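Each remark here refers to the structure printed beneath this line.
Each reported figure results from applying straightforward, stated rules to the coordinates on display, with no laboratory input. Since this is a predicted model, take the numbers as computed values, not measurements. Glycine also receives a Cβ, built like all others from the backbone with ideal geometry; neighbour counts cover every protein chain displayed.
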Amino acid sequence: MSEVILYRKEGHVATITLNRPEALNAITVEMIEELTAVLSVAGGDEEIRVLLLTGSGRAFCVGADILQLKRWTEDSRLRERFRLGAPEMFRLLQEFRRPIIAAVNGVAAAGGFELCCLADIVVAVEEAMIGDAHANYVGFGPVSAVMAARMMPRKLACELLFTGEMWSARRLELAGFVNRVVPSDQLMAVANRLAERIASKPPLALAAAKGLMRQLDQLEPRALLAEAFACAERMFESEDFGEGLRAFEEHRPPAFKGM
C-alpha cells in the first residue's frame, strides 16, 4: 500500500486517512483503487466495529483530481479505470455493515462531500467548508444527487447541489448533515471517543439497525417494520443479548463479542 491511503486498526476501530495533503487530498484513480482495496479488507474483518474516515493536512477531500481528469482525453485506459473503480468504491462504503464516522478536518467538496454523504455520522472542524460543488465545473455528482436529500432536507440539498455553493460546518449542522462541530485541535479526539463509544455497543445489533435504516426508502413501512421485528428476534438469540442482560444484573459494563 502506498502512502496516499493510510490504514490503521486499533482495537475495534479502523481509521482510513486520505493522504495527499499537498493536493488537498484530491482523489486520483490510484487512490480509488487503493481505497477500494482497504475497504474490502475492513469490510471482511469481523473485529472492526467502527470505521473512521478522515484526511491529512488542511483538507478532508476536494474531490477528483482535476489535473488527472484532463488526461482522460488522451488516455482511455485511465478513464475506464475511473469509470469502473469509482462506483465500486462508493458501493463498498454504502454497503459497509458497521457504522462509519467522517472526521472532516477541512474543506470537503465534490467527491469529499459524497464521502460524507455515505458516512453515518459527520464530525467537522469549525472552519470546514462543505458542499457538492460539481455544478461549478463538471455537472453533478452521482452520489450527491442520490444521497444528499436523504441526509438533509430536500430543499436545502437542492440549493446546495444546484448552486455549487460551499456551506459552513455550522450551517450544515443546523441542516442535520453534520452531527458535531468542534475546534480543529479536538477533531480526532472527539471522533475517536465517539468511535470507541459506538464500538463498545453490541455490533450485531448496530449492523442490523444500520441495515434497516438503509432500507427506509426501499420498503413500505409495514414491510420494514416486520423486518425490524424479525431482526430484533434474531438478536434475542445472540450471545451478546445474554451478555447485556447479565451485565445489567451485575451492574457492570457489558463485554460484547459480536456473536
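Residues with amide H under 5 Å of residue 96's amide H, sequence separation 5 or more or different chain, H placed in the peptide plane at 1.01 Å from N; which?
Distant-sequence amide H within range of residue 96: zero hits.
Quick one: grab Rg to one decimal and Dmax as a whole number for the chain, Cα atoms only, in Å.
Spelled out, the Cα radius of gyration and Dmax of the chain are 19.1, 67 Å.
Can you give me the Rg/Rh ratio for segment 120-222, using Cα atoms for both radii and the Kirkwood formula for Rh?
1.02
So for the chain, if I pair up every lysine 8 or more residues apart or on another chain, how many of those pairs have alpha-carbons under 28 Å apart?
Close lysine pairs found across the chain: 7.
Out of 204, 78, 187, any idea which swings most in a Gaussian network model of the chain, alpha carbons joined below 10 Å?
78
Grab the DSSP H runs of the chain that are 4 residues or longer, score each as -39,500 (n - 2.57), total them, divide by all residues and round the 222 nm result to the nearest 500 deg cm²/dmol.
Using -39500 (n - 2.57) per qualifying helix, the result is -15000 deg cm²/dmol.
What's the exposure ranking of 240, 185, 45, 132, going from fewest to most Cβ atoms within 10 Å?
Least to most surrounded, the residues fall as 185, 45, 240, 132.
Within a 10 angstrom radius of the beta carbon, how do 256, 82, 162 rank from fewest other beta carbons to most?
Least to most surrounded, the residues fall as 162, 82, 256.
Please provide three numbers in whole Å: the alpha-carbon extents of segment 49-190 along the principal axes, with the largest listed first.
44, 34, 28
If you rank 259, 152 by fewest surrounding Cβ atoms within 10 Å, what's the result?
Neighbour counts put them in this order, fewest first: 259, 152.
List the residues, sorted by chain then number, that are 5 or more residues from residue 12 or on another chain and whose placed amide H is less than 5 Å from its amide H.
Sorted by chain and number, the residues that satisfy this come to none at all.
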